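The values are calculated or read from the model by the stated rules, or taken from the named source; none is laboratory data. Computed from a predicted model, the values in this text were never measured in an experiment. Using ideal geometry, Cβ is built from the backbone for each residue, glycine included, and neighbour counts are taken over all protein chains shown.
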Amino acid sequence: MTELMYVPDAEGDWEPATEIHAGRHNPASQASMFQSAAWPLISLALLSVDLAAVARRLRLTLETSWDGHGTVRAAFFVLDGTDFVVTHHEGDAPGTHVWTRKGGPIDSATCVGGLLAALGVGPEAVSYSVWGSGTDLSHVPAAWGRGRARPVWSRQEFWENFKRRPGMFVTRVSFESVTGFLTGYDVAAEGALLNGFQEWLAAGLGSGGNLVWWALAAELAFPDGRPAEPWSHEDDQHAVGGLFRLLDEFFEHLGGDPKADSRTLPT
């Protein structure tokens, strides 16, 4: 039998690894299973139903973990092509918080509508949500980390408006300005718009996993090789049109369109 070696106890000034703050002494920093598996999450709604009842209905296994807001029970599952997480934090008001891990302009109301149908309950079960006119976000749980007081454009609304009238968002519609604006939007939205786009493009091309998404989009726009820079106006507009088509197909793919297949990217 192998003899185990002695490991000394923590140093006297080491904090618990879960307590993350400046000036820490413990060299380790621990995240919960929930945080590691789920970040970033996009909050969708609070349902006035018990989490245990949701798990019972869908035969889910609830996992117990913790995060910066205390103990949390959660279940990760896929329903109608959408990744859902349902949670309840210790100390929160009764109910089930619904999140999604999907990127792209997924229509939030449609996603939750499918979940409600699977649960066998109606829209009256939605206590509040992050979509639609009249949304009440005045009592958003601390775990959501949100403080919005008024409804904002959904990602679907943003994308439809942007691709229809890009000149409202950028001073000159070019491949460089469009990709720069979308990158900025995605950063501000914590990856909610373009999450997975680079991987999807690389999978379709069969290469380029180490390239940024706009380089992959340009490669698809010019399969015979990128033109010399500076691009002509025609080449620039060709690249913009190709990018918009790729994004539309990617968002259809995220929405569960069986015809949208990452292995058959347009060229």
How many residues does region 188-239 hold that are under 24 Å from the mean Cα position of the chain (by Cα) and touching a residue at least 60 places away in the same chain (Cβ under 8 Å)?
-> 13
Looking at D83, is it in contact with a Lys or Arg (Cβ under 6 Å, 6 or more places away or on another chain), assigned by TED's automatic domain parsing to the domain that holds G113 and of a type outside the set (V, I, T)?
-> yes
Working carefully through the options A93, A117, A53, find the one that is at pLDDT below 85, more than 21 Å from L194 (Cα to Cα) and aliphatic (A, V, I, L, M).
-> A93
Mind checking which residues of region 153-203 are in a loop (DSSP other than H, G, I, E, B) and β-branched (V, I, T)?
-> V170, T171, V173
Tell me, which residue of region 177-187 that is without any contact (Cβ under 8 Å) to a residue 40 or more places away in the chain and more than 19 Å from the chain's Cα centre (by Cα) is surrounded by the fewest Cβ atoms within 10 Å (Cβ to Cβ)?
-> G180
Scanning region 17-50 for residues that are at pLDDT 75 or above and either of a type in the set (D, E, K, R) or surrounded by fewer than 13 Cβ atoms within 10 Å (Cβ to Cβ) (or both), which turns out farthest from C111 (Cα to Cα)?
-> H25
Residue among G208, G255 that alone is in contact with a Leu (Cβ under 6 Å, 6 or more places away or on another chain) and at pLDDT below 85 | G208
